[in-house]
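So the structure is just underneath, and the comments pick up after that.
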Amino acid sequence: MPATCNVVVLLSGTGSNLQALIDSIGLASDAAHPARISAVISNRADALGLQRARDAGIAARVLEHTGFEGREAFDAALVALIDSFDADLVVLAGFMRILSPAFVRHYQGRLLNIHPSLLPKYKGLHTHQRALDAGDAEHGCSVHFVTEELDGGPLVVQAVVPVAAHDTPQSLAQRVHAQEHQIYPLAIRWFAEGRLCLDEQGAMLDGKRLPASGHSIRL
């Protein structure tokens with residue numbers, strides 16, 4: 001791992017997790033955070049996250065998927081753009097695209113995502129409503145390495161949030177989002193420090209294999 005870990009963030013929307021990462025790097029008490037956000041890339045020109053990047057002095061780029069014939073062509077152009085920023089780590093922060101196998105293989109072991117459920121529960125969309133419909137006592141969010149299986153890569157860290165009797169999808173989402181903003185910067189710092197990696201058998205932290213559920217943080 002180089003002295004500074006170059007991070008490229010991909011997003012499609014508001015970029016709240018991007019802002020949490022910007023804040024965590026900017027507020028590092030040692031003033032020498034091991035990560036640096038080299039660029040933010042969006043497939044949507046109207047994504048608020050792009051303005052968050054510009055406000056922080058970070059390169060902001062748009063690569064609209066509508067200009068390409070098929071997912072593979074878009075992903076090939078996206079790889080070229082990411083690699084132009086010498087990315088050591090690619091972070092998905094609300095990037096609303098299903099990535100092609102070739103893209104995932106290119107960034108094997110250096111591609112992270114955050115998902116609003118306690119994976120392997122509730123892959124895909126509408127996770128908060130699904131947790132409530134199931135009567136779950138706990139919900140939360142998960143950071144994981146990305147593999148070709150949708151929302152199925154090895155888990156790094158999860159934050160567990162209790163579900164209250166009066167919860168709505170909106171109230172539950174608000175509490176889960178607050179925890180996303182804690183655990184995603186944590187996982188990214190672990191990677192930037194060389195403490196977190198992926199090998200053939202799963203995610204490793206400080207030379208030890210993480211459990212199938214990842215590192216768990218309970219509230």
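The values are calculated or read from the model by the stated rules, or taken from the named source; none is laboratory data. Given the structure is predicted, the values throughout are model-derived calculations rather than measurements. For neighbour counting, all protein chains shown are included, and Cβ atoms are generated from backbone atoms with ideal geometry for every residue, glycine included.
Output the residue which, of all residues in the stretch 127-150 that are touching a Pro at 6+ places or on another chain (Cβ under 8 Å) and not in a strand (DSSP E or B), is surrounded by the fewest Cβ atoms within 10 Å (Cβ to Cβ). If we take residues in the stretch 127-150 being touching a Pro at 6+ places or on another chain (Cβ under 8 Å) and not in a strand (DSSP E or B), then A137 is surrounded by the fewest Cβ atoms within 10 Å (Cβ to Cβ). Within the stretch 169-219, being in a loop (DSSP other than H, G, I, E, B) and either over 15 Å from V143 (Cβ atoms) or among the charged types (D, E, K, R) (or both) holds for E193, G194, R195, E200, Q201, D206, G207, L219. Of the residues that sit in the stretch 79-126 and are more than 21 Å from A173 (Cα to Cα) and polar (S, T, N, Q), which one is surrounded by the most Cβ atoms within 10 Å (Cβ to Cβ)? Of everything passing the filter in the stretch 79-126, S100 is surrounded by the most Cβ atoms within 10 Å (Cβ to Cβ). Condition check for T14 on (1) part of a helix (DSSP H, G or I); (2) of a type in the set (S, T, N, Q); (3) in contact with a helix residue (DSSP H, G or I) (Cβ under 9 Å, 6 or more places away or on another chain): one failure, at (1).
Of all residues in the stretch 152-176, those that are assigned by TED's automatic domain parsing to the domain that holds G124 and touching a residue at least 12 places away in the same chain (Cβ under 8 Å) have Cβ atoms under 7 Å from Cβ atoms of residues that are surrounded by 15 or more Cβ atoms within 10 Å (Cβ to Cβ) and of a type in the set (F, W, Y), 6 or more apart or on another chain, in G153/F145; P154/F145; V156/F145. Among residues of the stretch 113-131 that are touching a residue at least 24 places away in the same chain (Cβ under 8 Å), those with a Cβ under 6 angstrom from a residue that is in a helix (DSSP H, G or I) and of a type in the set (S, T, Y), sequence gap 6+ or separate chain, pair up as I114/Y184; P116/T127; S117/T127. If you take the residues in the stretch 172-219 that are acidic (D, E) and surrounded by fewer than 16 Cβ atoms within 10 Å (Cβ to Cβ), which one is farthest from A20 (Cα to Cα)? Per the stated criteria, the residue is E200.
The test for being part of a loop (DSSP other than H, G, I, E, B) and surrounded by fewer than 17 Cβ atoms within 10 Å (Cβ to Cβ) holds for A165.
Restrict the check to the stretch 106-117 and report whether at least one residue is basic (K, R), within 22 Å of M204 (Cα to Cα) and either in the same structural domain as Q201 (by TED's automatic domain parsing) or part of a loop (DSSP other than H, G, I, E, B) (or both). Yes, because at least one residue in the stretch 106-117 is basic (K, R), within 22 Å of M204 (Cα to Cα) and either in the same structural domain as Q201 (by TED's automatic domain parsing) or part of a loop (DSSP other than H, G, I, E, B) (or both).
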